[in-house]
Amino acid sequence: MQRLVKLVFIVTLTFLFEPLHLLAASPPKAPTTAGGFSLNSPIENYPIENYANYLNEVIVTNLDGFRKGFITYGTCRNPGKILRIKLKYNDRSFKFFQELLKRYKNEFGAKPKFSGDQFGNVKSWKWSFTDANDQRVTLVLQHNLKDSDESVGNMIKLSLPDLMDEERLCFNERHRSKSTTNTNQSKNGAKPDWQVLIPN
């Protein structure tokens with residue numbers, strides 16, 4: 001009789017705690033909101049001021065030898081002036097990249113600076129020049145087939161870094177008063193609101 005009572009007691013406990021176990025093992029809910037903004041919601045729902053960035057970019061297609069191009073131009077100190085050209089080659093293979101690198105070295109110098117990542121996922125070589133206007137010019141040849149955060153395939157980047165810096169400084173100067181006000185307001189807050197700071 002005692003054995004039967006123990007058995008009934010164990011079975012009862014199993015049924016009582018089994019739902020809790022299943023609940024604890026369930027995956028966490030996917031977050032959809034961060035900083036007061038919710039994914040898949042209309043931007044018009046939020047009372048925000050729209051400031052254009054200090055650089056604008058347009059996409060071009062139908063280029064000989066290239067899949068796509070990204071042309072970046074200034075909006076502040078150098079409005080409308082092209083400051084960076086990024087072009088993706090049609091051929092994405094590493095073999096084509098090796099041939100490009102060989103020809104680039106013959107044309108622009110045999111000792112470029114390696115600017116890829118330490119894991120070898122992105123192979124990137126950088127040349128630096130000074131143009132006729134005494135402005136720095138950088139040329140980057142990049143190959144990537146692994147890192148999804150980078151542009152996949154072979155790509156060239158031709159930039160005027162000093163003028164791009166000028167654009168950023170000009171933009172910051174224009175909107176400094178606004179950002180200073182927001183910074184002071186955040187510093188004056190007593191304790192962080194974790195419900196706002198952590199996506200939910």
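The values are calculated or read from the model by the stated rules, or taken from the named source; none is laboratory data. Treat the numbers as computed from the prediction; the structure is a model and nothing was measured. Please note: Cβ atoms are built from the backbone with ideal geometry, for glycine as well, and neighbour counts cover all protein chains shown.
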>> Just to check your reading of the model, which residue among Arg92, Arg77, Arg67 is among the basic types (Lys, Arg), in contact with an Asp or Glu (Cβ under 6 Å, 6 or more places away or on another chain) and either modelled with pLDDT of 75 or more or closer than 22 Å to Ser159 by Cα (or both)?
In response: Arg77
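If you go through region 115-123 one residue at a time, do you hit one that is closer than 22 Å to Ile59 by Cβ, at pLDDT 90 or above, surrounded by 11 or more Cβ atoms within 10 Å (Cβ to Cβ) and not β-branched (Val, Ile, Thr)? So that I can check it myself, show each step before the final result.
Just the residues of region 115-123 that are closer than 22 Å to Ile59 by Cβ, to begin with: 122.
Next, only the ones that are at pLDDT 90 or above stay: none.
There is no residue in region 115-123 that is closer than 22 Å to Ile59 by Cβ, at pLDDT 90 or above, surrounded by 11 or more Cβ atoms within 10 Å (Cβ to Cβ) and not β-branched (Val, Ile, Thr).
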> Residues of region 41-60 being at pLDDT 90 or above and among the β-branched types (Val, Ile, Thr), which ones?
Replying inline: Val58, Ile59, Val60
>> For region 90-104, check the following and say yes or no: at least one residue is of a type in the set (Ser, Thr, Tyr) and surrounded by fewer than 17 Cβ atoms within 10 Å (Cβ to Cβ).
In response: yes
>> Quick test for you: out of Asp117, Asp162, pick the one residue that is charged (D, E, K, R), more than 21 Å from Phe66 (Cα to Cα) and in a loop (DSSP other than H, G, I, E, B).
In response: Asp117
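Quick check: anything in region 55-67 touching a residue at least 60 places away in the same chain (Cβ under 8 Å) and either under 30 Å from Ser38 (Cα atoms) or not hydrophobic (A, V, I, L, M, F, W, C) (or both)?
Among the residues of region 55-67, at least one is touching a residue at least 60 places away in the same chain (Cβ under 8 Å) and either under 30 Å from Ser38 (Cα atoms) or not hydrophobic (A, V, I, L, M, F, W, C) (or both), which makes the answer yes.
Looking at region 32-45, is at least one residue under 25 Å from the mean Cα position of the chain (by Cα) and closer than 15 Å to Asn144 by Cα?
Within region 32-45, none of the residues are under 25 Å from the mean Cα position of the chain (by Cα) and closer than 15 Å to Asn144 by Cα.
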>> Considering only residues that are at negative phi and at pLDDT 70 or above, which ones fall in region 5-40?
In response: Ser26, Pro27, Lys29, Ala30, Pro31, Thr32, Thr33, Ala34, Phe37, Ser38, Leu39
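Can you name the residue in region 172-200 that is closer than 30 Å to Ala30 by Cβ and of a type in the set (S, T, N, Q) and, of all such residues, is modelled with the highest pLDDT?
Gln195
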> Within region 86-105, can you find the residues that are in a helix (DSSP H, G or I) and more than 24 Å from Leu160 (Cβ to Cβ)?
Replying inline: Phe94, Lys95, Phe96, Phe97, Gln98, Glu99, Lys102
> Only one residue in Phe70, Phe108 is closer than 30 Å to His175 by Cα and either loosely packed, with under 15 Cβ neighbours inside 10 Å or touching a strand residue (DSSP E or B) at 6+ places or on another chain (Cβ under 7 Å) (or both), so which one is that?
Replying inline: Phe70
>> Test of understanding: among Leu145, Leu163, Leu169, which residue is among the aliphatic types (A, V, I, L, M), surrounded by 14 or more Cβ atoms within 10 Å (Cβ to Cβ) and at pLDDT 90 or above?
In response: Leu163
